[in-house]
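Undergrad: Take a look at this one; I'll ask things after.
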Amino acid sequence: LKASASPPGPSFQESQALLREMKKDPILALTKLYRTYGEVSHFRALENEVYFMNSPDFVKQVSVVNHHDFVKNQGSGIENSSGIYESLGVKGNRIFEELVGDGILMSEDGLHDWHRRVMQPAFNRDSIATYAQSMTDLIAKWCDRRADGETISVRKEMQGLTLRIVLKSLFSVEGAEADEFAADLAEFGRTGEASHQSAEPGASDPVLGLRGVLPFSDKKKYEKAVEKLDRFVYRMIDRRRQGGGRTDLMSYLLRKQAPGETEKALADKEIRDEVLTIVLAGHETVTNALTWTWYLLSTHPGVDAKLRSELGVVLGGRVPSFQDVSRLTYTSMVFNEALRLYPPVWLERRRAIRDISFGGYTIPFGSVVLISQYVMHHDPAYYANPEEFDPERWSAERRGGIPTFAFFPFGVGPRACIGEPFARLEAPLVISMVAQRWRMEFVSEKKPEVEPHVTLQPSTPILMRMRPS
Ligand code: HEM
């Protein structure tokens with residue numbers, strides 16, 4: 001192959017058909033693209049040249065080896081590209097990216113690296129250990145509120161719980177204040193969704209401003225909801241600036257504003273962006289991971305029984321501690337397998353900031369590069385019986401057979417998830433404590449399909465009847 005060759009892919013006309021398929025089912029469309037054209041393929045989405053790269057080696061090239069050749073969203077001559085996902089059928093991305101602003105999920109280069117460094121201590125092992133107590137307190141309260149025979153929407157419940165966990169652990173926000181934040185966030189979700197949907201029919205070009213085509217009333221409601229969230233966060237910042245509080249992520253962010261601090265201070269707007277980034281990235285993902293985990297456990301009684309037996313042996317009815325989590329090996333295998341089958345972040349995008357050649361191909365400046373956790377995690381080339389829920393894949397004997405970079409639910413490289421250690425404490429604590437007290441019976445009429453929003457959600461509510469363990 002010549003280094004200048006363009007990867008295979010659909011013709012211009014076929015790309016139009018592909019985009020229509022993407023709008024309906026982006027996961028299926030990307031899977032078909034991979035099966036038809038192989039590990040790297042090219043298509044056009046409106047004015048964008050898009051390259052879909054699906055192999056462990058490409059994940060490594062894009063996220064680790066050549067990460068300097070890409071931005072996530074903008075910069076180095078690339079304009080803000082948050083609209084691209086809509087042309088690919090991913091729901092809800094623009095409102096999400098607008099809300100998190102220049103927080104580390106979407107910022108680039110020096111700003112990203114500096115803010116990530118400021119926040120990193122809150123995610124180090126010693127800090128993570130201190131969150132276990134807040135987590136178990138909140139999980140115990142959630143368990144206490146359940147009643148025998150009650151039917152819950154498991155995603156809604158996990159969302160309420162994980163939001164409170166992130167607010168308390170990282171920002172010392174709890175009780176009525178956390179409830180207020182939850183209500184404001186729910187309002188944002190509702191109005192954002194409404195404005196998104198009502199914009200759809202009139203939106204001739206999904207890459208160009210959604211906001212321009214929103215009916216006035218929806219747009220106003222949505223803007224009001226954003227303002228409310230902003231006010232809440234600025235109040236939080238002000239209060240903490242005035243009086244002490246414990247050491248948490250907020251204190252690391254505010255420390256940069258302290259007198260005598262040598263580094264440049266973070267502006268309040270920068271802190272606001274980081275707070276909303278962490279709160280959103282830190283609970284939506286875990287919510288979906290846990291929702292799918294409960295669904296899988298309730299429909300696989302053998303796995304459920306084995307999990308409960310581990311809880312009996314390791315915990316014997318005790319509340320788990322930070323140290324216990326590393327001993328809950330089967331629980332972690334179950335969680336990994338849920339992350340494989342239903343990766344909460346199922347698609348990542350990058351933009352090339354120069355012409356790059358790898359794998360024998362040239363990827364021109366400005367191209368969109370996609371990698372997909374979902375497509376790779378379901379590839380029979382790396383996973384035998386990929387659709388099967390089989391936590392034993394992650395046993396010490398078998399996990400060595402899975403190539404590095406074929407499993408990347410938290411991403412890899414310098415832009416990988418900062419919250420992985422947080423999630424890997426929180427999820428086993430939730431799974432083990434809830435399972436010690438309760439059993440969930442799946443009672444929805446339909447099997448839930450996946451719905452690819454920014455995170456991978458169930459298409460219909462997953463209803464569970466609660467039974468004592
Ligand atoms: C099961 C749970 C989680 C999953 C599957 C997950 C997955 C990911 C992935 C794949 C990325 C990289 C995205 C990209 O580059 O396009 C990411 C980034 C990020 N995640 Fe997570 N995440 C989870 C939990 C959390 C938690 C608990 C927090 C915070 C408390 C968090 C905060 C972040 C942040 C701030 C970034 C941006 C990092 C950067 O660009 O420097 N995540 N996450």
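The values are calculated or read from the model by the stated rules, or taken from the named source; none is laboratory data. Fair warning: this is a prediction, and the values are worked out from it, not measured in the lab. Don't worry about glycine lacking a Cβ; one is built from the backbone with ideal geometry, like all the others, and counts go over all protein chains shown. Ligands, DNA and RNA are stripped out before the accessible areas are found, and what is left, the full protein with its side chains, is counted by its heavy atoms. Shrake-Rupley method; radii C 1.70, N 1.55, O 1.52, S 1.80 Å.
Undergrad: Please state which one of PRO428, PRO409 is in a loop (DSSP other than H, G, I, E, B) and in contact with a Leu (Cβ under 8 Å, 6 or more places away or on another chain).
TA: Every option except PRO409 fails the conditions.
Undergrad: Being open to solvent by less than 10 Å² (accessible area, probe 1.4 Å), over 30 Å from PRO468 (Cα atoms) and in contact (Cβ under 8 Å) with a residue 40 or more places away in the chain is true for just one of ILE152, ILE128, ILE165, ILE139. Which residue is that?
TA: Residue meeting the stated conditions: ILE128.
Undergrad: What do you reckon, is LYS220 more than 16 Å from the ligand (Cβ to nearest atom), assigned to a helix (DSSP H, G or I) and either crowded, with 19+ Cβ neighbours inside 10 Å or modelled with pLDDT of 80 or more (or both)?
TA: yes
Undergrad: On to the next question. For the range 266-296, how many residues meet the condition of being away from the ligand (no atom under 16 Å from the Cβ) and part of a helix (DSSP H, G or I)?
TA: Keep residues of the range 266-296 that are away from the ligand (no atom under 16 Å from the Cβ), which gives 267-269.
With part of a helix (DSSP H, G or I) added as a condition, the list becomes 268-269.
Residues flagged as away from the ligand (no atom under 16 Å from the Cβ) and part of a helix (DSSP H, G or I) within the range 266-296 amount to 2.
Undergrad: Output yes when any residue across the range 52-72 is assigned to a loop (DSSP other than H, G, I, E, B), under 24 Å from GLN373 (Cβ atoms) and more than 15 Å from the ligand (Cβ to nearest atom), and no when none is.
TA: Yes; the residues of the range 52-72 include at least one that is assigned to a loop (DSSP other than H, G, I, E, B), under 24 Å from GLN373 (Cβ atoms) and more than 15 Å from the ligand (Cβ to nearest atom).
Undergrad: Follow-up. Could you count how many residues in the range 424-461 are open to solvent by less than 10 Å² (accessible area, probe 1.4 Å) and in contact with a strand residue (DSSP E or B) (Cβ under 7 Å, 6 or more places away or on another chain)?
TA: Of the residues in the range 424-461, 2 are open to solvent by less than 10 Å² (accessible area, probe 1.4 Å) and in contact with a strand residue (DSSP E or B) (Cβ under 7 Å, 6 or more places away or on another chain).
To keep it simple, each residue is scored yes or no on (1) away from the ligand (no atom under 16 Å from the Cβ); (2) modelled with pLDDT under 95; (3) assigned to a strand (DSSP E or B).
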site	(1), (2), (3)
VAL334	no, no, no
VAL369	no, no, yes
TYR382	yes, no, no
GLU387	yes, no, no
GLU441	yes, no, yes
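Undergrad: Right, next: Anything in the range 336-355 that is more than 12 Å from the ligand (Cβ to nearest atom) and under 19 Å from PRO421 (Cα atoms)? List them, or say none.
TA: GLU337 - this is the single residue of the range 336-355 that is more than 12 Å from the ligand (Cβ to nearest atom) and under 19 Å from PRO421 (Cα atoms).
Undergrad: Related question: Six or more apart or on different chains, Cβ atoms under 6 Å: show the pairs whose first residue is in the range 333-358 and within 16 Å of ALA281 (Cβ to Cβ) and open to solvent by 20 Å² or more (accessible area, probe 1.4 Å) and whose second is at pLDDT 95 or above and of a type outside the set (D, E, K, R).
TA: Short answer, once both residue conditions are applied: GLU348/ILE371.
Undergrad: Can you pull out every residue in the range 267-285 that is touching a residue at least 60 places away in the same chain (Cβ under 8 Å) and either open to solvent by less than 10 Å² (accessible area, probe 1.4 Å) or under 12 Å from GLU97 (Cα atoms) (or both)?
TA: Within the range 267-285, ASP273, GLU274, VAL275, LEU276, THR277, VAL279, LEU280, ALA281, HIS283 qualify.
Undergrad: Also: Does THR329 satisfy the condition of being of a type in the set (Ser, Thr, Tyr), more than 16 Å from the ligand (Cβ to nearest atom), open to solvent by 20 Å² or more (accessible area, probe 1.4 Å) and at pLDDT 95 or above?
TA: Yes; evaluated as a whole, the condition is true for this residue.
Matching residues to (1) more than 23 Å from the chain's Cα centre (by Cα); (2) closer than 21 Å to GLY92 by Cβ; (3) modelled with pLDDT under 70:
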position	(1), (2), (3)
GLU193	no, yes, no
GLY202	yes, yes, yes
LEU229	no, yes, no
MET250	no, no, no
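Undergrad: Another question about this same structure. In this structure, does PRO421 turn out to be in a helix (DSSP H, G or I), surrounded by 19 or more Cβ atoms within 10 Å (Cβ to Cβ) and within 16 Å of the ligand (Cβ to nearest atom)?
TA: No.
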